[in-house]
Amino acid sequence: MKCKVVNLDNKDAGEIDLDDNVFGAPLRKDLLARMVNYQLAKRRQGTHKTKTRGEISGSSAKPWRQKGTGRARSGDRKAGHWRGGQTTFGPLPRDHSTELPKRVRKLALRTALSAKQADGKLVVLDAASASEPKTKAVAAQLKAMGLSSALIVDGTEIDRNFQLAARNIAGIDVLPQQGANVFDILRRDTLVLTKQAVEQLQERLR
């Protein structure tokens with residue numbers, strides 16, 4: 001399919017052919033949900049921890065004698081029903097990541113790209129570059145293009161000046177093509193790809 005190419009000044013810069021296999025896949029919400037859950041689970045640190053009975057500092061002496069007081073027998077004050085005692089069934093350090101086949105991950109990325117294309121939320125840039133690392137200039141260009149919430153994906157190497165200028169703009173993310181992922185694509189309203197990113201993504205996902 002054909003797609004219009006623009007530059008940062010929002011002027012026409014020709015057309016580009018988009019691969020139907022990459023940008024024309026059917027919408028699969030189940031795949032997108034599985035991929036987002038996979039990514040969010042994988043980024044969890046899993047360092048949450050509560051103390052068990054054996055890790056609490058304190059005496060192991062009985063608070064009162066076993067018999068003759070009329071009260072229930074008790075071992076020590078490290079038990080869960082005492083103030084300052086253990087946390088019963090508390091969390092322990094663990095790995096939250098799950099398994100997802102590589103072919104499913106690739107299909108989910110193709111689905112996310114295709115969803116943006118189908119919704120008219122895909123913009124192809126001639127190039128994402130800036131002559132100097134000035135946020136004000138790049139912010140004005142993006143505002144003129146109507147981009148307030150966008151993920152900008154460049155080629156393997158991102159222009160340093162553009163990256164420095166754009167990183168301080170709220171709602172704008174900049175990634176190299178190898179970092180393009182389903183979660184970041186879906187969390188922003190518009191997906192902006194450079195011509196180089198389109199070519200490399202098509203080669204990667206074809």
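Based on what the data block shows, is THR190 among the hydroxyl-bearing types (Ser, Thr, Tyr), in contact with a Pro (Cβ under 8 Å, 6 or more places away or on another chain) and in contact (Cβ under 8 Å) with a residue 12 or more places away in the chain?
In short, no.
Might you let me know whether region 81-89 holds any residue that is among the hydrophobic types (A, V, I, L, M, F, W, C), surrounded by 11 or more Cβ atoms within 10 Å (Cβ to Cβ) and modelled with pLDDT of 95 or more?
The answer is no; no qualifying residue exists.
What are the pairs, 6+ residues apart or on separate chains, where a residue within region 67-87 that is among the β-branched types (Val, Ile, Thr) has its Cβ under 8 Å from a residue that is part of a loop (DSSP other than H, G, I, E, B) and surrounded by 12 or more Cβ atoms within 10 Å (Cβ to Cβ)?
Qualifying pairs under 8 Å: THR87/THR50; THR87/LYS51; THR87/THR52; THR87/GLY80.
Being within 23 Å of ARG43 (Cβ to Cβ) and outside any helix (DSSP H, G or I) narrows it down to one of LEU113, LEU175, LEU109, so name that one.
Every option except LEU175 fails the conditions.
Quick one: GLN177 ticks every box in (1) modelled with pLDDT of 95 or more; (2) crowded, with 19+ Cβ neighbours inside 10 Å bar one, so which box is it?
Among (1) modelled with pLDDT of 95 or more; (2) crowded, with 19+ Cβ neighbours inside 10 Å, the lone unmet condition for GLN177 is (1).
In the list ASN168, ASN161, which residue meets the criterion of being in the same structural domain as ASP12 (by TED's automatic domain parsing), part of a loop (DSSP other than H, G, I, E, B), farther than 13 Å from ALA197 by Cα and not basic (Lys, Arg)?
Of the residues listed, the single one that is in the same structural domain as ASP12 (by TED's automatic domain parsing), part of a loop (DSSP other than H, G, I, E, B), farther than 13 Å from ALA197 by Cα and not basic (Lys, Arg) is ASN168.
Being under 20 Å from LEU100 (Cα atoms), touching a helix residue (DSSP H, G or I) at 6+ places or on another chain (Cβ under 9 Å) and not in a loop (DSSP other than H, G, I, E, B) is the filter here, so list the residues in region 19-32 that pass it.
Result: VAL22, LYS29, LEU31, LEU32.
The values are calculated or read from the model by the stated rules, or taken from the named source; none is laboratory data. Source: prediction; values computed, not measured. Note that we place each Cβ from the backbone using ideal geometry, even for glycine, and neighbour counts take in every protein chain shown.
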